[in-house]
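Right, one structure below, let's go through it.
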Amino acid sequence: MKQVGILGGGQLGMLLANSIFTLGGRAAVYDPDSQSPLCHHVKTSINGPWLNFESLNQFFEMCDVITYEFENVESAALVSLEHVKPIYPSVKVLRTTQDRVLEKKFLLASGLPHTNFAVADSVAALRRQADLNNYPCIIKTARGGYDGKGQLFARNREDFLSVLDNPDNYWLDTFYGVIEDFVRLEAEVSCIVARPLRGPAVAFPVLENVHVDHILDYTLLPSRIPPSVQKRIKEIAIEATEKLDVYGLLTTEFFLTKTKSLSSLGIECDGWYIYINEFAPRPHNSGHVTRSACCMSQYDALARILLNIPLQEPMIVSAGTFCMMNLLGDVWIAQGASRPDAELDLSTLKDHAQVLDVVIYGKREPRAKRKMGHFVTYGKTPEGALSAAHAFRDSLKARKSIAR
Ligand code: AMP
């Protein structure tokens, strides 16, 4: 039985391990945090630091093949370990996609659509850009930013300079990253591509993502954008997977707008302009919905690649719409669950027949904005699926639970 080593024990790793088990494999996890969701479920785990070669090496020796479930695994630590056991996607892919500057340079060099950007390696370099930027613009750090962290928005030149001078933004003192044009978003979508070692890549249906406070709130499948635009997006996502040389999963996040920008390298399709925002070489939050909506989920696809099982075309299993909605720590807090390990009261589930898949990650501390779980609803229309999702989440929030 093959043992897959997963670097990172969060919810994406937990659901990947679940697919590995159901396909006859075994999973082991490496995560510095022994309380991370997957560590609760597997027999084999190592809780070492990301930069400790010895403990990483020990982990690699125990596994047949390695993958990762979040990008902030330090690629430098993995370079020499790539010769110990195969890593999918490769360390080169990880290195490019975990650094926004390298990622943008890759997009530029490969002729893939992206927003106009400039690189800056200090706050002085940012300041020199003030007269050169298009406005509005966004400043983004190269490393470690997620869910809107490490990002600053500027409406115009004055705003840009005052953002640089604001003492709250002290982290700009060691800035390395990009300044990019702000896109007037019509929609945000993602497209997950699975590429096996042998045989063609397959693209999942395009997922429509809606964010609140830079955090994914819900995903709709199918997305509401025109079929011709979806087709083009899938083609671009497959092209990116091949050009980046990904074996495993690649999620490409896209910005869609109807406003043409002269300075940006967008691809036009039936009045829509398509830009790649960024890549994630791993399962993606938006892809949770594929567990209910597709004949092969994103987790099954990656598990199959790692276990050498052929892929299928990830078709949607039913007409109608599926909606995945995140459950942040706020829902636990609304229920009055402030102590660690507090269980979410799910008793309203009995009144919500449209809810298909509830996943609670088992994170100990319910913090506001922390992703703690999610669920999927099904409806005949996008509005039906979405209102069912809101109704269920509201019912959870309204449930002021017993002694906690
Ligand atoms: P990111 O961390 O780059 O995925 O950005 C988080 C969110 O901020 C995105 O999902 C968008 O909603 C918004 N955002 C980031 N960059 C831009 C941009 N250039 N134009 C418009 N919105 C953006």
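The values are calculated or read from the model by the stated rules, or taken from the named source; none is laboratory data. All figures in this text were calculated on a predicted structure; none of them were measured in a lab. Methodologically, a virtual Cβ is constructed for each residue, glycine included, from the backbone with ideal geometry; neighbour enumeration extends over all protein chains shown.
General remarks:
- When the strands (runs of 3 or more DSSP E) confined to region 171-228 are screened for residues that are away from the ligand (no atom under 16 Å from the Cβ) and of a type in the set (Gly, Ala, Ser), those reaching at least 1 such residues are found at 187-195.
- Listed conditions (1) crowded, with 20+ Cβ neighbours inside 10 Å; (2) acidic (Asp, Glu); (3) more than 19 Å from the chain's Cα centre (by Cα) are all met by GLU343, apart from (1).
- Residue in region 299-316 that is of a type in the set (Lys, Arg) and touching a Gly at 6+ places or on another chain (Cβ under 6 Å) present: no
- Within region 129-159, considering residues that are loosely packed, with under 14 Cβ neighbours inside 10 Å and among the acidic types (Asp, Glu), the one farthest from ILE267 (Cα to Cα): GLU158
- First in region 33-47 and under 16 Å from LYS371 (Cβ atoms), second anywhere and among the hydroxyl-bearing types (Ser, Thr, Tyr) and assigned to a loop (DSSP other than H, G, I, E, B), Cβ under 8 Å, 6 or more apart: PRO37/TYR361
- Qualifying residue in region 144-160 (condition: in contact with a helix residue (DSSP H, G or I) (Cβ under 7 Å, 6 or more places away or on another chain), over 30 Å from LEU307 (Cα atoms) and within 16 Å of the ligand (Cβ to nearest atom)): yes
- Odd one out for GLU343 among (1) away from the ligand (no atom under 16 Å from the Cβ); (2) acidic (Asp, Glu); (3) at pLDDT 95 or above: (3)
- Enumeration of residues in region 271-319 that are acidic (Asp, Glu) and over 26 Å from VAL355 (Cα atoms): GLU278
- Meets criteria (polar (S, T, N, Q) and modelled with pLDDT under 95) for SER110: no
- Odd one out for ARG282 among (1) basic (Lys, Arg); (2) touching a Lys or Arg at 6+ places or on another chain (Cβ under 8 Å); (3) closer than 29 Å to GLY111 by Cβ: (2)
- Test: residue in region 151-174 that is touching an Asp or Glu at 6+ places or on another chain (Cβ under 6 Å), hydrophobic (A, V, I, L, M, F, W, C) and outside the structural domain of GLY287 (by TED's automatic domain parsing): no
- Flag for GLU235 being in a helix (DSSP H, G or I) and among the acidic types (Asp, Glu): yes
Rundown of residues vs (1) in contact with a strand residue (DSSP E or B) (Cβ under 8 Å, 6 or more places away or on another chain); (2) of a type in the set (A, V, I, L, M, F, W, C); (3) assigned to a loop (DSSP other than H, G, I, E, B), yes/no style:
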residue: LYS363; (1), (2), (3): yes, no, yes
residue: ALA368; (1), (2), (3): yes, yes, yes
residue: MET372; (1), (2), (3): yes, yes, no
residue: VAL376; (1), (2), (3): yes, yes, no
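- Among the residues of region 272-316, the ones that are under 19 Å from TYR88 (Cα atoms) and among the aromatic types (Phe, Trp, Tyr) come to 2 in all.
- The listed residue being under 16 Å from PHE392 (Cα atoms), touching a Phe, Trp or Tyr at 6+ places or on another chain (Cβ under 9 Å) and assigned to a loop (DSSP other than H, G, I, E, B), out of LEU356, LEU344: LEU344
- Test result for TYR378, within 22 Å of ASP213 (Cβ to Cβ), surrounded by 14 or more Cβ atoms within 10 Å (Cβ to Cβ) and modelled with pLDDT of 95 or more: no
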